[in-house]
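Just so you know, all these numbers are worked out from the coordinates, no wet-lab data involved. Note that the structure is a prediction, hence the values are computed from the model and not measured. Cβ coordinates were reconstructed from backbone atoms using ideal geometry, including for glycine residues, and neighbour counts include every protein chain displayed.
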């Protein structure tokens, strides 16, 4: 392939990325990578596409390759810092962000990414210092303003956060669309009549926004319309937002991986690999679908004097993806899993425990509440048979409606449409049923509805499953000082409330495709 052909192919891939067509851009970039494995531009772009596809392990790999060649490109180290941060590699993330600043000290983007890294490990003062430095260089810098707003939200200062977000939406230096989603969440406290029309005017403006930016604006408009009880108007925006915000999702590919996992991970599989087990009881794994109560479960446990919350750690998700789950063929995943030696497994386990020790060195139990660890339960149970395993459950339609009306990250590709979401939920249930029948550990089902009905009894059962003695502080989970970084954070700062039970009924006229996809898991018609 001559240079002009390669350049045309590269530009075509970039154009596809602008349209959020990740699956179409990736083959072009892979072809270019085969021709020039050390090309920094290609590796950088493959890192971006891998992240959008949900494969952060591949993202980190390609960005490392790009950084090895493009040693003076600050933007490469900026993205590398984010990749290390997602991998839970704090030191490497800080080093990469500082390298970016050294290369471009007057670029506010580089200071903002260092702020994001510090915020991700709860070093709020250092994060604020970095964001303020970015604002000194560019007073209306959107990422710095939204980063500061996030610090204020985490600190329980919503009015200060709202002021920063409104300032970000008016910024002339960058696209303020990223500020509208957190702003729409804060409006639950105090609505402003002109917010929704302002977002819809932004959508009507003939700007140069890409598909993801347009999707963000639709999401914000949807949440605002929902808050105004204009459900039909909200769902028009929800549908459009999902199409722009999430890359396409391949139902058949995921279903094939689930079926393959059910065939691969048998009782015999675990019996043959018992030598890889660690004795520790420190990890507490809280899994389930997003919006099923995982944050609430973490907060209840982390209020215990001998426990700590670690948030959503991506460690095992990346291990599973690196082995090929979802990212390769089922046959390749099987081959990679069966090739793991006891030494390989021991290395993985030690690395994870080192991460827990770094986050909470004195805690007897550390809660990892990554919901999608349900896909990796085979590895968690193999390595840590004495750990605590908690599966958060919630009524299927309520879970899916909450997911559909929440702007999760683009890597949640199954959330692209009501149909794909419902089918993904069915696959999740199929996999969890298999784990319950096969894993050599006890998985405690923790029902959201049961907690609503009897908080104390369910909280006591939760703590008992961890092996800790009961403490009354666990009933006051909403008083905890731990940072909460999911969309549930406003909810978990309040006592238990029942308004989220049977929430699907509010949207019943608009969720026909979802209920059809759920099939026999959908609630019976009223």
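For the range 42-85, max minus min Cα coordinate along each principal axis, in Å, sorted largest first?
27, 21, 12
What distance in nm lies between label points placed 7 Å from Cα along the C-beta direction at residue 23 and residue 255?
1.4 nm
Placing one identical point scatterer on every Cα of the range 201-309 and ignoring solvent, what is log10 I(q)/I(0) from the Debye formula at q = 0.10, 0.12, 0.16, 0.23 Å⁻¹?
At q = 0.10, 0.12, 0.16, 0.23 Å⁻¹ the computed log10 ratios are -0.63, -0.81, -0.98, -1.17.
Per-residue ellipticity at 222 nm for the chain, helices alone: DSSP H runs ≥ 4 residues times -39500 (n - 2.57), over residue total, nearest 500 deg cm²/dmol?
It lands at -18500 deg cm²/dmol.
Using the beta-carbon distance between residue 332 and residue 269 and R0 = 22 Å, what value does 1/(1 + (r/R0)^6) give for FRET efficiency, to the nearest 0.05? Mind dumping the intermediate values first?
Working: r = 17 Å, r/R0 = 0.79.
So, using R0 = 22 Å, E works out to roughly 0.80.
For residue 72 and residue 163 in the same chain, what is the full-extension length gain: residue separation times 0.36 nm, less their Cα-Cα distance, in nm? Before the final figure, lay out each step's value.
Working: separation 91, 0.36 × 91 = 32.76 nm, distance 3.65 nm.
In short, 29.1 nm is gained.
Would you order 38, 273 from fewest to most other beta-carbon atoms within 10 Å of each residue's own beta-carbon? Please list the in-between numbers first.
Details: 38 11, 273 16.
Least to most surrounded, the residues fall as 38, 273.
Label-point separation (nm) for residue 36 and residue 469, each offset 7 Å from Cα along Cα-to-Cβ?
Using points 7 Å along Cα→Cβ, the separation is 6.6 nm.
Taking other Cβ within 10 Å of each residue's Cβ, how do 469, 78 sort, fewest first?
Ordered by Cβ neighbours within 10 Å, fewest first: 469, 78.
Using the basic label-point model (7 angstrom from Cα toward the beta carbon), what is the residue 358 to residue 508 distance in nanometres?
For the pair residue 358/residue 508, the computed spacing is 5.1 nm.
Order 509-517, 379-387 from most to least packed using the mean count of other Cβ atoms within 10 Å. The partial results should precede the final answer.
Details: 509-517: 17.2, 379-387: 21.4.
Result, highest mean first: 379-387, 509-517.
Listing 432, 110 from the residue with the fewest other Cβ atoms within 10 Å to the one with the most, what is the order?
Listed from fewest to most nearby Cβ atoms, that is 432, 110.
Between residue 123 and residue 236, how high is the FRET efficiency from 1/(1 + (r/R0)^6) when r is the Cβ-Cβ distance and R₀ = 35 Å? Nearest 0.05.
The calculated FRET efficiency here is 0.25.
Kindly state, to the nearest 0.05, the FRET efficiency for residue 442 paired with residue 339, given R0 = 41 Å and r defined as their beta-carbon distance.
E between residue 442 and residue 339, to the nearest 0.05, is 0.90.
Students often check this: by mean Cβ neighbours within 10 Å, which of 340-347, 226-233, 459-466 ranks highest, and how do the rest follow?
Answer by packing, highest mean first, reads 459-466, 226-233, 340-347.
Cα convex hull of the range 282-521: mean projected area in nm², to one decimal?
Here the figure is 13.0 nm², rounded to one decimal.
Over the Cα atoms of the chain, compute the convex hull volume and normalise it per residue, giving Å³.
Numbers: hull volume 78.9 nm³, N = 526.
Considering the Cα atoms of the chain, their hull volume per residue is 150 Å³.
So what does log10 I(q)/I(0) come out to for the range 84-237 at q = 0.11, 0.20 Å⁻¹, using the Debye formula with one equal point on every Cα and no solvent?
-0.47, -1.21
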